[in-house]
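Reading through the structure tokens given below for one structure.
The values are calculated or read from the model by the stated rules, or taken from the named source; none is laboratory data. These figures come from a predicted structure and were not determined experimentally. For neighbour counting, all protein chains shown are included, and Cβ atoms are generated from backbone atoms with ideal geometry for every residue, glycine included.
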Amino acid sequence: MSQPCSTDQPKRKMRKPDEDRELVDRARGGDTKAFDALVEKYTPRLYGLVYHMTSNREDTHDILQDVFAKAYRSLKRFQGKSSFYTWIYSIAVNMSLNFLKKRGRQRKLSLDDLDLAIQNDEEFIEHTSKTDPVREANLNELQQRLNAAMQELSDDHRAVVTMYDIQGLPHAEISRILGISEGTVRSRLFYAHRQLQNYLEEFRR
């Protein structure tokens, strides 16, 4: 099969239609059940996003209530230039960052209350299901150090790590949510990963 010539224009990716559009239109028209459906759909992922940024369940519940309240109040101004998904993620990220700035660096962490993605990692589950007490102790310490390392990141760096590494969002989506370039997303991830790797260096042997 012949290769396309170098002068061909790159194919543009077609933007997928917003699958939430019907629910959004109904909600804008005053249908509270439609908005409830959007809340139900996005609560699990938004909870994960906010919780991994705040590390506190009560704060997460409070922020989520504020996020959906603000989204409902602002829904009539939502023009559909981005997907509803991107729009409400932007609200959640911005409100979480604002909360963290107000809270400052005074954190009262409970490592038992933190459940970062490592707990759901297949390798982590496989290892902790074995009976080697030394291995289990090392993995438990690794998890605690990872939790602590995440909290050492700046709020902005923790946001991109949470969205990319924990929630699996692509660079382009994170760029739209935060209103920054993809290059900035990549640079923040690079810097944050370097910090985390340095913190966990002794466990890489």
Pairs returned, first residue in the range 156-168 that is within 15 Å of residue 180 (Cβ to Cβ), second residue that is surrounded by fewer than 18 Cβ atoms within 10 Å (Cβ to Cβ), beta-carbon separation under 7 angstrom, 6 or more apart or interchain, are 157/191; 159/97
Criterion (among the hydroxyl-bearing types (Ser, Thr, Tyr) and outside any helix (DSSP H, G or I)) met by exactly one of 90, 82: 82
Can we say residue 169 is outside any helix (DSSP H, G or I), at pLDDT below 90 and in contact with a helix residue (DSSP H, G or I) (Cβ under 9 Å, 6 or more places away or on another chain)? yes
Odd one out for residue 69 among (1) modelled with pLDDT of 90 or more; (2) surrounded by 15 or more Cβ atoms within 10 Å (Cβ to Cβ); (3) aliphatic (A, V, I, L, M): (2)
For the range 47-65, give me each residue that is without any contact (Cβ under 8 Å) to a residue 60 or more places away in the chain and either surrounded by fewer than 16 Cβ atoms within 10 Å (Cβ to Cβ) or not in a helix (DSSP H, G or I) (or both). 56, 57, 58, 61, 62, 65
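Could you tell me whether residue 85 is over 18 Å from the mean Cα position of the chain (by Cα) and either surrounded by 13 or more Cβ atoms within 10 Å (Cβ to Cβ) or among the acidic types (Asp, Glu) (or both)?
It is false that residue 85 is over 18 Å from the mean Cα position of the chain (by Cα) and either surrounded by 13 or more Cβ atoms within 10 Å (Cβ to Cβ) or among the acidic types (Asp, Glu) (or both).
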I'd like to know if the range 141-155 contains one or more residues that are under 13 Å from the mean Cα position of the chain (by Cα), under 18 Å from residue 94 (Cα atoms) and at pLDDT 85 or above. yes
